[in-house]
Amino acid sequence: MKKPSKEIVIAVASAAVLTFAFTFNRWKSSQATPSTDSKNPSMQMGGSQNEPVDRVAFLNAVFNKTKPPTEISRILLSPGGSMAVDSSKKALKWAEETQNHALVAVIKYDLFALFREGNETEIARQLIFTAAEYSDNQKISGFLFQQGKILIDKGLAQNSKNMELRNALIIYQSEYLNQPMQFLATLKESLLIDSNNIELNFIHLNLLKKSQQWEKAIKKSQKLVSLQPQNPYWLFETSDIFGNLGDSTNAKIYLNLAVKSQKNQK
């Protein structure tokens, strides 16, 4: 059978990462509509979640249960600028082998900041999406979000229409800052720049689902289907949303389409 295109594979992978991120998000508001109520704590910045986290606190949180080898600890605690590139790569290899995703993201940031190795946009996104994975640990997620935001700001200063960074910024604003007015403004502006961006539309879909705006979520999922009609993921999403609306007929129709599309992809 016909193999799925590269674009479909990338979209599904991105969808899986974003779904994971939103599953663990700490967005407290039950509505994706801005509010001017200053008494609503979910609309305000501050609190322990947004307090600056230094590198030592981050490392202590990362190694709360499993301690790294002494040599690796020495490398990771080296003052900024004194770390050798070979030492950083050695620490990165250890972090990758132990599947320490938070540490991998930070070391890649170090390699870029100190030695200009790697892609700025990719590293920024890795920091932000990894931070979302660790939303149950404020020290880890906070440090990752802060480092990622540094690169986002630098990248958008050079190109304000960089959609990959704009999408990461929305995650930062919704997951870390917990500021609906900010991320909705960024989302609206981003849709004006590129209304057909797959990742952006998927982020929007998740926000609509999170606030239980099912009618709008249906339209958004159907847009994703129209953008990638051969991608079964969006068909499954649409079926699930119709199910939440209690529309069993359409839920079944899209489920059958999704199953058929998935078989064609194998």
Report, by chain and number, residues whose modeled amide H sits under 5 Å from the one on residue 178, excluding near sequence neighbours (fewer than 5 apart, same chain). none
May I ask you to list the chymotrypsin sites (Phe, Trp or Tyr not before Pro) in segment 56-143 that are in a DSSP loop and have at most 16 other Cβ atoms within 10 Å of their Cβ? 63
Distance in nm between pseudo-label sites at residue 244 and residue 262 (7 Å out along the Cβ direction from Cα): 1.9 nm
Karplus-derived 3J(HN,Hα) from phi for segment 167-176 (6.51 cos²θ - 1.76 cosθ + 1.60, θ = phi - 60°), whole Hz, x at Gly and Pro, runs 5, 5, 5, 4, 4, 4, 5, 7, 7, 9
With every atom except the alpha carbons ignored, what do you get for Rg and Dmax of segment 45-198, in angstroms? 16.0, 51
Order these by the 10 Å Cβ neighbour count, fewest first: 216, 108. 216, 108
One would report the Cα pair-distance distribution of segment 70-121, bin width 10 Å, in %, as 26, 62, 12, 0
For residue 214 paired with residue 136, estimate the spin-label separation in nm (one decimal), with each label point 7 Å from Cα along the Cα-to-Cβ line. 2.9 nm
Viscosity 0.692 mPa s, temperature 37 °C, Stokes-Einstein D of segment 195-235 from Kirkwood C-alpha radius, µm²/s: 327 µm²/s
Cα centroids of segment 227-266 and segment 144-195: how far apart, whole angstrom? 30 Å
Just want the ordering: 164, 199, 97, from fewest to most Cβ atoms lying within 10 Å of their own Cβ. 97, 164, 199
Across 5 Å bins beginning at 0, the whole-percent shares of Cα-Cα pair distances in segment 124-200 come to 3, 18, 27, 26, 18, 7, 2, 0
Neighbour-limited loop hits for chymotrypsin sites (Phe, Trp or Tyr not before Pro), segment 176-226 (at most 16 other Cβ within 10 Å; DSSP other than H, G, I, E, B): none
Fewest Cβ neighbours within 10 Å first, please rank 249, 130, 121 accordingly. 249, 121, 130
What ratio of Cα Rg to 2.2 N^0.38 Å holds for segment 119-264? 1.14
Using the Karplus curve 6.51 cos²θ - 1.76 cosθ + 1.60 with θ = phi - 60°, what ³J(HN,Hα) values do you get for each residue of segment 109-117, in whole Hz, with x for Gly and Pro? 5, 4, 4, 6, 5, 8, 10, 6, 9
In whole Hz, with x marking every Gly and Pro, tabulate ³J(HN,Hα) for segment 148-164 from phi via Karplus 6.51 cos²θ - 1.76 cosθ + 1.60, θ = phi - 60°. x, 5, 4, 6, 4, 4, 5, x, 6, 5, 7, 8, 5, 9, 5, 5, 4
Step through the table entries 161/266; 139/161; 161/263; 67/93; 149/210; 108/161, compare each Cα-Cα distance with 26 Å, and write down the pairs that go over it. 161/266; 139/161; 161/263
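FYI, it's all coordinate maths here, none of it is from the lab. The structure presented is a predicted model; accordingly, all values stated were derived computationally and were not measured. Every residue, glycine among them, receives a Cβ derived from its backbone with ideal geometry; neighbour counts consider all protein chains shown.
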